[in-house]
1. Exactly one condition in (1) of a type in the set (Ser, Thr, Tyr); (2) modelled with pLDDT of 85 or more; (3) closer than 30 Å to Ile313 by Cβ is not met by Thr223; state its number.
2. Counting just the residues of the stretch 422-449 that are touching an Asp or Glu at 6+ places or on another chain (Cβ under 9 Å) and closer than 17 Å to Ile491 by Cα, which one comes out modelled with the lowest pLDDT?
3. Any residue at all in the stretch 500-519 that's modelled with pLDDT under 85 and part of a loop (DSSP other than H, G, I, E, B)?
4. Please determine, by comparing only the residues of the stretch 68-93 that are under 18 Å from the mean Cα position of the chain (by Cα) and in a loop (DSSP other than H, G, I, E, B), which one is surrounded by the fewest Cβ atoms within 10 Å (Cβ to Cβ).
5. Inspect the stretch 192-203 for any residue being surrounded by fewer than 16 Cβ atoms within 10 Å (Cβ to Cβ), in a loop (DSSP other than H, G, I, E, B) and in contact (Cβ under 8 Å) with a residue 60 or more places away in the chain and give the result as yes or no.
6. Give Thr96, Thr65, Thr57 a once-over and let me know the one that is outside any loop (DSSP other than H, G, I, E, B) and either surrounded by fewer than 18 Cβ atoms within 10 Å (Cβ to Cβ) or at positive phi (or both).
7. Any residue that is polar (S, T, N, Q) and modelled with pLDDT of 90 or more - is there at least one of those in the stretch 264-285?
8. When the stretch 474-498 is examined, which residues are found to be within 21 Å of Thr31 (Cβ to Cβ) and outside any loop (DSSP other than H, G, I, E, B)?
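The values are calculated or read from the model by the stated rules, or taken from the named source; none is laboratory data. Please read these numbers as outputs of a predicted model, since none were measured by experiment. Please note: Cβ atoms are built from the backbone with ideal geometry, for glycine as well, and neighbour counts cover all protein chains shown. For accessibility, only protein heavy atoms count, side chains too; no ligands or nucleic acids. Shrake-Rupley method; radii C 1.70, N 1.55, O 1.52, S 1.80 Å.
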Amino acid sequence: MLESIRVENIAVIKSLEIEFGGGFTVFTGETGAGKSIIIDSIMLTLGAKAQPQLIRTGESTASVTALFRDIGSSAKKALAELGIDAEDGEVTISRTMHADGKSSAKINGKSVSLANLRRAASPLISVNGQSESLSLRTPASQLDLLDSYAGCEAEFADYQAAYGDYVDARAKLDEAEKLSREGALASDLLSYQIKEIDAAKLTDGEEEELTMELARIKSREKTAKLANFVYRAAYGNEKGASAAYLSERAASVMDQLREFSPDAGEDAEKLRSIAIELEDIARRTYDKFELGGGAVDDDPEARLEEIEDRLDIIRRLKRKYGGSIEKILRHRDEAAEKLDLIENNESRTEELKAIFEAAEKKACVSAEVLSEKRRNAADEMSRRVCEVLFGLDMPKVTFSVRFEKTELSPTGNESAEFYISANAGEDERPLALAASGGELSRVMLAIKSVVTSREGEDTIIYDEIDTGVSGATSGKIGRRLKASAETTQIICVTHSAQIAALSNTHYLVKKSVENGRTETTVRALSGEERVDEIARIIGGINVTATQRKAALELIAEGGL
């Protein structure tokens with residue numbers, strides 16, 4: 001359950017901390033006092049979008065921290081999937097907003113993304129307000145509620161896996177059938193591309209080598225001069241002053257020093273090794289740069305033309321098939337795979353068709369298992385929802401879940417929609433068309449009560465559930481909320497004296513001006529303060545003795 005929440009610098013809230021107990025908690029206060037801001041703050045800890053406009057004027061940051069204790073197994077599982085240990089049942093969620101629009105979230109001190117925050121927080125609290133009542137009108141939301149009541153998580157997971165295989169098999173079969181339709185034209189094009197690339201006989205690194213050789217030929221005179229210098233300096237100096245010759249001479253002299261120095265012999269060998277290495281470098285340079293024939297052709301102009309022609313071929317293929325020889329060759333391999341697929345497509349299509357039919361059959365079977373679980377639960381759910389609505393001043397209500405078969409989809413092979421008749425003699429109609437605002441609030445409460453009793457949700461927040469209903473009906477709604485609070489923490493923002501009088505904990509939200517700034521404060525009410533607040537709700541600003549008496553009677557009834 002939600003143990004406490006601390007809010008800093010959000011809208012007209014400078015700083016406040018609220019501690020919650022179990023059972024039934026209500027928030028009351030005049031319109032505009034800041035009750036909705038408290039709900040918005042809680043929503044931030046559940047992953048709601050951070051709006052910079054929520055930050056209190058003059059502040060650069062705002063934050064909300066919520067502490068949960070004794071969390072349920074669903075919440076522990078969701079946290080474990082994120083690598084967050086909450087086996088002790090305690091979770092702290094913090095959310096910080098910045099004026100530049102950025103925000104951050106942490107769970108037990110670990111930074112998490114907004115998506116993961118929503119995943120982890122969704123089993124902790126369910127928030128129900130006017131927008132949630134409106135979302136109840138959509139068949140998709142109704143199917144989600146039915147699935148929650150039916151407890152078909154395992155069946156739904158099995159179906160999702162089967163449906164994923166079905167979609168994958170369908171896509172592969174569609175591709176094969178498309179190849180069958182376009183095969184002839186594609187086959188000719190792919191064959192041409194493969195032959196053109198094969199004819200070029202490309203090799204990795206070839207372009208770079210040819211480019212270097214081209215540069216060498218174009219700079220032949222310069223490179224020959226430089227190479228000749230290296231050759232003569234290292235080895236081929238006719239005057240005997242080459243580096244190799246001098247290294248050899250130094251080695252001979254070093255041999256003569258052996259009897260005077262123990263290191264002389266080793267140094268002499270090193271000098272001879274140097275002489276050999278110098279000779280090797282000189283000869284390789286001699287061969288490479290034409291000095292002795294070597295790599296450059298006897299007819300450099302012809303070789304230059306040959307290289308240019310080869311590079312033109314490579315450039316043309318690069319323009320058509322990719323920016324490098326590697327990409328050209330990869331395109332060739334991919335073309336060969338596609339051509340092989342086309343040439344063997346008939347047998348492959350038959351194989352994929354068999355795979356698809358098997359996947360479709362498995363998905364259909366799985367969908368039927370899911371459907372049976374839903375349909376078995378639908379009648380029981382409808383009966384229990386009607387029982388709750390009977391007690392909420394809808395004595396003639398009928399409620400049912402109607403199914404319609406569909407193609408396989410991510411949610412199964414059927415749609416489900418809630419139908420209701422609120423008055424005797426009226427046919428049931430879709431909930432989206434039949435229910436008024438006040439009726440919709442009661443239907444939402446009834447459904448949430450029934451679903452929660454099956455799911456065992458930790459905390460449910462109702463934001464102005466009494467909107468559009470009379471005082472007598474509000475009292476019945478309050479008794480339903482209090483009954484639900486025996487197993488689930490219920491928090492309610494209300495303008496109803498009947499609901500407020502039934503609460504275990506009553507908070508007053510009040511707005512005042514301190515040092516020229518508007519601030520919202522929250523305090524728990526008891527005794528005479530609580531009587532005064534409920535009397536205010538009954539009669540307005542000027543509380544009379546009659547209204548106080550009515551408030552006392554409501555509180556007394558709430559304690560029964």
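1. That leaves (2) as the condition not met.
2. My answer is Ser441.
3. There is at least one residue in the stretch 500-519 that is modelled with pLDDT under 85 and part of a loop (DSSP other than H, G, I, E, B).
4. Gly83
5. Within the stretch 192-203, one or more residues are surrounded by fewer than 16 Cβ atoms within 10 Å (Cβ to Cβ), in a loop (DSSP other than H, G, I, E, B) and in contact (Cβ under 8 Å) with a residue 60 or more places away in the chain.
6. Unique residue meeting the criteria: Thr96.
7. Yes, the conditions are met somewhere in the stretch 264-285.
8. Residues satisfying the conditions are Ser474, Ile477, Gly478, Ile491, Cys492, Val493, Ala497, Gln498.
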